[in-house]
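**Student:** Handing you a structure now.
The values are calculated or read from the model by the stated rules, or taken from the named source; none is laboratory data. Because the structure is a prediction, the values reported are computed rather than measured. Reconstructed Cβ throughout: ideal geometry from the backbone, glycine too, with neighbour counts over all protein chains shown. Heavy atoms of the whole protein, side chains included, go into the accessibility calculation; ligands, DNA and RNA do not. Shrake-Rupley method; radii C 1.70, N 1.55, O 1.52, S 1.80 Å.
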Amino acid sequence: MLDLASKIGINYGRQGDNLPSPYQSINFIKSIKAGHVKLYDADPESLTLLSQTNLYVTITVPNHQITSLSSNQSIAEDWVKTNILPYYPQTQIRFVLVGNEILSVQDTNIKANVVPAMRKIVNSLRAHGIHNIKVGTHIAMDSLRSTFPPSNSTFREDIARPLMLPLLKFLNGTNSYFFINVHPYYRWSRNPMNTNLDFALFQGNSTYTDPQTGLVYRNLLDQMLDSVIYAMTKLGYPHTRIAISETGWPNSGDIEETGANVLNAATYNRNLIKKMTANPPIGTPARPGLPIPTFVFSLFNENQKPGSGTERHWGILHPDGTPIYDIDFTGRKPLTGFNPLPKPTNNVPYKGQVWCVPAEGASEAELEETLRIACGRSNTTCAALAPGRECYEPVSVYWHASYAVSSYWAQFRNESVRCYFNGLAHEITTNPGNDRCKFPSVTL
């Protein structure tokens, strides 16, 4: 499986309304010299096209299919017959991941059924004589109760025995991997003034020594990976292999999302690839020398993802295939061989006022709908827009929508409301109001 680890993978997500066809996307994946592609489904068109390539392929069972797959071997058999047998072995499918970040799903049935579903898929694969497709699931770092220092790490008590123990037993018995979505950006950005940015980006000389083990850490990713390894060890599985199903760095984000910029994203991913393609493999301080299959997140920015701005800005390519920043997936290009990128201005937290306004290009119909939503939740949000009040004029849909979204966001931001409105709004740092009409703002 060393070959699997030495080929850096890319996550190919498609939650966008401006993305190229699978045919173009797969050509772009070949052009960046990725060795492996991970799909978040088992898209027939993509799987057919991938048969014409040398790419390894990972497919995903969507969360909503897990419960039915776990209930009946014949349903799992049908899934394998539909999603694997028509394409394999011409399409080099190497992993099937059952579900994505299942711990974040509200439906407790899905958590309980993920390992039985995995087992049934393996049974079906073996019945067809297929032994080189490994089955796993994406697990996020929220599976851990504590991660610092790494040797102190444990899985959350509510999932350790009911979910993690059977999962680890299954992975161990089938010689598969524990797939982890690991994003140092989130760990660093929660406390950017107390965690060294260079440590998160594999740069500089800062180190951290685990007081229990004496192991020395030179980057945040290793620290996070070893926390998973120690948590597995405490459940009796010290040797289960790990793989990184997602890692990367956002190239942009909301104003309050410190450090989300092109230079940091390029630095993180270039250094990550350098580390993961090293020969012999580097591994981590707790597991030196062990290869770790790794998938960079992600191929494109996906503009239809909900949540904060970073959610829509993890891509390495624009939709036309041009790079957001240059990257070499083979790891052979020296880090000094890339063109310089603009110096970021958001590596320290922004302090000041922020307003929410409609995005450029929003149609009048979209603005009217946004205005309706923003003014509909509370009588006070749009009170200043009433005839005769301070913000009534100028009477235009754009002006009224601008006031409404800024007021709505300022009023409800503490309840996790985003300045997004299905892509129709964004944050700015200049006051959009005038002398008569003061727009509500958020102070960071």
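**Student:** Restricting attention to the range 127-145, does a residue exist that is more than 30 Å from LEU220 (Cα to Cα), in contact with a helix residue (DSSP H, G or I) (Cβ under 8 Å, 6 or more places away or on another chain) and not aliphatic (A, V, I, L, M)?
**Tutor:** yes
**Student:** Could you go through the range 172-190 and let me know if any residue there is in a helix (DSSP H, G or I), within 21 Å of GLY99 (Cα to Cα) and not small (Gly, Ala, Ser).
**Tutor:** So far as the range 172-190 goes, yes, one or more of its residues are in a helix (DSSP H, G or I), within 21 Å of GLY99 (Cα to Cα) and not small (Gly, Ala, Ser).
**Student:** Could you list all residues from the range 300-320 that are of a type outside the set (Phe, Trp, Tyr) and touching a Ser or Thr at 6+ places or on another chain (Cβ under 7 Å)?
**Tutor:** Matches in the range 300-320: GLY309, HIS313, GLY315.
**Student:** Open to solvent by 60 Å² or more (accessible area, probe 1.4 Å), part of a strand (DSSP E or B) and either closer than 17 Å to LEU221 by Cα or in the same structural domain as GLN212 (by the TED database) (or both): does that describe ARG161?
**Tutor:** For ARG161, the condition - open to solvent by 60 Å² or more (accessible area, probe 1.4 Å), part of a strand (DSSP E or B) and either closer than 17 Å to LEU221 by Cα or in the same structural domain as GLN212 (by the TED database) (or both) - is not met.
**Student:** Here's a follow-up. Could you please let me know if LEU235 is under 22 Å from MET276 (Cα atoms) and either assigned by the TED database to the domain that holds SER176 or in contact with a strand residue (DSSP E or B) (Cβ under 6 Å, 6 or more places away or on another chain) (or both)?
**Tutor:** no
**Student:** Here is a further query. Kindly indicate whether TYR325 is under 23 Å from the mean Cα position of the chain (by Cα) and either modelled with pLDDT of 90 or more or not small (Gly, Ala, Ser) (or both).
**Tutor:** Here the answer is yes, as TYR325 does meet what is asked.
**Student:** Tell me, which residue of the range 410-438 that is open to solvent by 30 Å² or more (accessible area, probe 1.4 Å) and assigned to a strand (DSSP E or B) is nearest to ALA365 (Cα to Cα)?
**Tutor:** Restricting to residues being open to solvent by 30 Å² or more (accessible area, probe 1.4 Å) and assigned to a strand (DSSP E or B), the top hit is HIS426.
Every residue, every condition in (1) in a helix (DSSP H, G or I); (2) not acidic (Asp, Glu), yes or no:
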| residue | (1), (2) |
| --- | --- |
| LYS30 | yes, yes |
| LYS38 | no, yes |
| GLU45 | yes, no |
| THR48 | yes, yes |
| THR60 | no, yes |
| SER70 | yes, yes |
| SER74 | yes, yes |
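**Student:** Any idea which residue in the range 166-192 is most open to solvent (accessible area, probe 1.4 Å), counting only those that are more than 23 Å from the chain's Cα centre (by Cα) and more than 17 Å from ALA231 (Cβ to Cβ)?
**Tutor:** So, considering only residues that are more than 23 Å from the chain's Cα centre (by Cα) and more than 17 Å from ALA231 (Cβ to Cβ), the one most open to solvent (accessible area, probe 1.4 Å) is ASN175.
**Student:** Of all residues in the range 288-329, how many are open to solvent by 30 Å² or more (accessible area, probe 1.4 Å), in a loop (DSSP other than H, G, I, E, B) and within 30 Å of PRO238 (Cα to Cα)?
**Tutor:** Residues flagged as open to solvent by 30 Å² or more (accessible area, probe 1.4 Å), in a loop (DSSP other than H, G, I, E, B) and within 30 Å of PRO238 (Cα to Cα) within the range 288-329 amount to 3.
**Student:** Let me ask something else about it. Can you tell me which of (1) in the same structural domain as PRO280 (by the TED database); (2) in contact (Cβ under 8 Å) with a residue 40 or more places away in the chain; (3) not polar (S, T, N, Q) is the one VAL61 doesn't meet?
**Tutor:** With (1) in the same structural domain as PRO280 (by the TED database); (2) in contact (Cβ under 8 Å) with a residue 40 or more places away in the chain; (3) not polar (S, T, N, Q) applied to VAL61, the lone miss is (1).
**Student:** For the range 230-272, which residues satisfy the criterion of being assigned to a loop (DSSP other than H, G, I, E, B) and closer than 17 Å to PHE329 by Cα?
**Tutor:** Result: GLY248, TRP249.
**Student:** Name the residues in the range 236-264 that are of a type outside the set (Phe, Trp, Tyr) and either within 20 Å of LYS38 (Cα to Cα) or in contact with a Cys (Cβ under 6 Å, 6 or more places away or on another chain) (or both), would you?
**Tutor:** ARG241, ILE242, ALA243, ILE244, SER245, GLU246, THR247, GLY248, PRO250 - these are the residues of the range 236-264 that are of a type outside the set (Phe, Trp, Tyr) and either within 20 Å of LYS38 (Cα to Cα) or in contact with a Cys (Cβ under 6 Å, 6 or more places away or on another chain) (or both).
**Student:** Could you identify the single residue in ASN347, ASN379, ASN339 that is free of Cβ contacts under 8 Å to residues at least 40 places away in the same chain, of a type in the set (S, T, N, Q), more than 30 Å from LYS38 (Cα to Cα) and outside any helix (DSSP H, G or I)?
**Tutor:** Selected residue: ASN379, the only one of ASN347, ASN379, ASN339 that is free of Cβ contacts under 8 Å to residues at least 40 places away in the same chain, of a type in the set (S, T, N, Q), more than 30 Å from LYS38 (Cα to Cα) and outside any helix (DSSP H, G or I).
**Student:** Six or more apart or on different chains, Cβ under 6 Å: which pairs go from a residue in the range 74-97 that's on the phi < 0 side of the Ramachandran plot to one that's open to solvent by 60 Å² or more (accessible area, probe 1.4 Å) and of a type in the set (Ser, Thr, Tyr)? Could you list them?
**Tutor:** No pair meets every condition.
**Student:** Against the condition open to solvent by 40 Å² or more (accessible area, probe 1.4 Å), within 30 Å of TRP355 (Cα to Cα) and not acidic (Asp, Glu), how does LEU263 come out, does it pass?
**Tutor:** yes
**Student:** Then there's this: Got a number for residues in the range 101-143 being surrounded by fewer than 21 Cβ atoms within 10 Å (Cβ to Cβ) and in a strand (DSSP E or B)?
**Tutor:** Looking only at that region, the number is 1.
**Student:** Something else: Give me the residue from the range 53-98 that is open to solvent by 50 Å² or more (accessible area, probe 1.4 Å) and among the hydrophobic types (A, V, I, L, M, F, W, C) and, out of that set, nearest to SER25 (Cα to Cα).
**Tutor:** Filtering the range 53-98 for residues that are open to solvent by 50 Å² or more (accessible area, probe 1.4 Å) and among the hydrophobic types (A, V, I, L, M, F, W, C), the one nearest to SER25 (Cα to Cα) comes out as LEU85.
**Student:** Of the residues in the range 282-320, how many are in contact (Cβ under 8 Å) with a residue 40 or more places away in the chain and in contact with a strand residue (DSSP E or B) (Cβ under 9 Å, 6 or more places away or on another chain)?
**Tutor:** 21
**Student:** Count, please, the residues in the range 393-409 that happen to be open to solvent by 60 Å² or more (accessible area, probe 1.4 Å) and either touching a Cys at 6+ places or on another chain (Cβ under 7 Å) or of a type in the set (A, V, I, L, M, F, W, C) (or both).
**Tutor:** Looking only at that region, the number is 1.
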